[in-house]
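Student: Below you will find the structure I want to go over with you.
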Amino acid sequence: MRAVLTVLAIWCAGLGAAAQFGKISVSFDALGTAYADWPGVWIGLMVSIVGLVGLVFGTTAGLLVARVGVRRAMLGALLAGAAVSLAESFLPPYPAMMIFRVIEGASHLAIVVVGPTAIAGLASGPRQGAAMTLWSSFFGLTYAVLAWVGPMVLAAGGVALLFRLHGLWMLACAVILAGVMPDDVRPAVPQRRLGVLAEHQAIYRSPFLAAPATGFVCYTITYVAVLTLLPGALGGAWGQAAGVAMPLASIGVSLTLGVWLLSVIPAVKIGQAGFAVAVLAAAGLWLFWGRGPWAFGATLVLGGALGVVQGAAFASIPQLNALPEDRARAAGAIAQLGNLGTTTGTPILALLMQKAGEAGLALFVMGFSVLGIAVIAIQARRRVRS
């Protein structure tokens, strides 16, 4: 029972980490008013700076977590996140706000590295796939909840109230996890420590450590871009419905069908199957473009397929890596390449749609899904040979 409570508390910490992005997105217009002397692109940087920290330091964070321990890293990240969120609620001058956001980026990165590492150690057997899939839902669920609750909070107390509630959420997670999270276990024989560059090379050369991340980047580069640009491209009521339904389909399918599949099939195989269905869904979207309900149905299939891929990527971390320190390294690589995908996918898709419209969108999804299938296969072959 304690393990279940701890997994749920870690997942709640993940919701708080996702809100480090989402609270800026939902209050974007209000922040634009508060910082009226700064052009809109600078307000946009408030969102992206958190992801840029992960892009640059993702794998490094995995190495640090492996060395300091998941409990200390999680509690430190949550306390830092609570402190900066409360400081941000006073809307300090823009340069100070950006310093706080950089600190928040480090807090976010530590949480998303520790989360899957700790959960994989707490859940075993058939429950492990379900627990890892639950963790994978934290980002999409947070955005859906903030889209619903955020405007009401802003109407009641503005940006200050939203940020303070977020800070209290992070603090509450820290208090709960301090009581239930197991103490860190130090390895009996200290590992030989390599330089940072050598550690990075060791991770990305390993078909066990790098495999979850190399498949995951094909998901992030696709999913975030499609979710950002597809609703507007479809237009009208069907486009608006797709913007809401796609993330819900991703979460729902991954937590039901995805969890069941993980109990009977290796995660890497499920990832390939999800990408294959995404190829078919993209072809259907292209074929039925402009035919409202049919196109909408294709977006739901696409969202569900990519949700399965997401859950499988996180579930593959413990399936491929038995040691906690290796799981932390693999999670750090996921954070780094995941941020690479979210940063680059949208501008690439925007360019393709500008040149080729819906055909560009379909080929974008199909191309990266086929690449995901190929990368997973290549890593599997390398594991057999190693």
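The values are calculated or read from the model by the stated rules, or taken from the named source; none is laboratory data. Not measured: the values here are computed from a predicted model. Positions of Cβ are generated from backbone atoms using ideal geometry, with glycine treated the same way; all protein chains shown enter the neighbour counts.
Student: Yes or no: V375 out of contact with any strand residue (DSSP E or B) (no Cβ under 8 Å at 6 or more places or on another chain), in a helix (DSSP H, G or I), closer than 18 Å to A267 by Cβ and without any contact (Cβ under 8 Å) to a residue 12 or more places away in the chain? So that I can check it myself, show each step before the final result.
Tutor: Numbers: out of contact with any strand residue (DSSP E or B) (no Cβ under 8 Å at 6 or more places or on another chain): yes; in a helix (DSSP H, G or I): yes; closer than 18 Å to A267 by Cβ: yes; without any contact (Cβ under 8 Å) to a residue 12 or more places away in the chain: no.
No: the conditions fail for V375.
Student: Here's another thing I want to ask about it. Tell me yes or no: at least one residue of the stretch 328-336 is buried (at least 20 other Cβ atoms within 10 Å of the Cβ), of a type in the set (K, R) and at pLDDT below 95. Before you say what the answer is, go through the steps one by one.
Tutor: Taking the stretch 328-336 and keeping what is buried (at least 20 other Cβ atoms within 10 Å of the Cβ), we get 328-336.
Filter once more, keeping what is of a type in the set (K, R): 329.
Okay, now just the ones that are also at pLDDT below 95, so 329.
Within the stretch 328-336 (the criterion being buried (at least 20 other Cβ atoms within 10 Å of the Cβ), of a type in the set (K, R) and at pLDDT below 95), the answer is yes, since at least one residue qualifies.
Student: To continue, here is another question. Have a look at S85, S48 and point out the one that is outside the structural domain of P324 (by TED's automatic domain parsing), of a type in the set (S, T, Y), over 17 Å from the mean Cα position of the chain (by Cα) and more than 13 Å from V114 (Cβ to Cβ).
Tutor: S85
Student: Name the residue, out of L363, L352, that is in contact with a helix residue (DSSP H, G or I) (Cβ under 6 Å, 6 or more places away or on another chain), assigned by TED's automatic domain parsing to the domain that holds G232 and in a helix (DSSP H, G or I).
Tutor: L352
Student: Regarding the stretch 114-121, can at least one residue be identified that is in contact with a Gly (Cβ under 8 Å, 6 or more places away or on another chain), of a type outside the set (D, E, K, R) and crowded, with 24+ Cβ neighbours inside 10 Å? Outline the logic, then answer.
Tutor: Restricting attention to the stretch 114-121, the residues satisfying the condition of being in contact with a Gly (Cβ under 8 Å, 6 or more places away or on another chain) are 115.
Pick out the ones that are also of a type outside the set (D, E, K, R) and you get 115.
Remaining after also requiring crowded, with 24+ Cβ neighbours inside 10 Å: 115.
Yes.
Student: Residues of the stretch 233-274 being surrounded by fewer than 17 Cβ atoms within 10 Å (Cβ to Cβ), of a type in the set (V, I, T) and either touching a strand residue (DSSP E or B) at 6+ places or on another chain (Cβ under 7 Å) or in a helix (DSSP H, G or I) (or both), which ones?
Tutor: Result: V244, T256.
Student: Mind listing whichever residues of the stretch 197-232 are part of a helix (DSSP H, G or I), touching a residue at least 12 places away in the same chain (Cβ under 8 Å) and surrounded by fewer than 23 Cβ atoms within 10 Å (Cβ to Cβ)?
Tutor: Within the stretch 197-232, E199, H200, I203, Y204, T214, V224, L227, T228, L229, P231 meet the criteria.
Student: Could you please find all residues in the stretch 349-377 being among the aliphatic types (A, V, I, L, M) and surrounded by fewer than 19 Cβ atoms within 10 Å (Cβ to Cβ)?
Tutor: A350, L351, A356, A359, L363, V370, L371, A374, A377
Student: In the stretch 275-284, is there at least one residue being out of contact with any Pro (no Cβ under 8 Å at 6 or more places or on another chain), assigned to a loop (DSSP other than H, G, I, E, B) and not acidic (D, E)?
Tutor: Within the stretch 275-284, none of the residues are out of contact with any Pro (no Cβ under 8 Å at 6 or more places or on another chain), assigned to a loop (DSSP other than H, G, I, E, B) and not acidic (D, E).
Student: Kindly establish whether L91 is part of a loop (DSSP other than H, G, I, E, B) and surrounded by fewer than 24 Cβ atoms within 10 Å (Cβ to Cβ).
Tutor: Against the criterion (part of a loop (DSSP other than H, G, I, E, B) and surrounded by fewer than 24 Cβ atoms within 10 Å (Cβ to Cβ)), L91 qualifies.
Student: Pairs please, first residue from the stretch 35-46 and without any contact (Cβ under 8 Å) to a residue 40 or more places away in the chain, second anywhere and of a type in the set (A, V, I, L, M, F, W, C) and outside any loop (DSSP other than H, G, I, E, B), Cβ atoms under 7 Å, 6+ apart in sequence or on different chains.
Tutor: So the pair list comes out as I43/F28; I43/L31.
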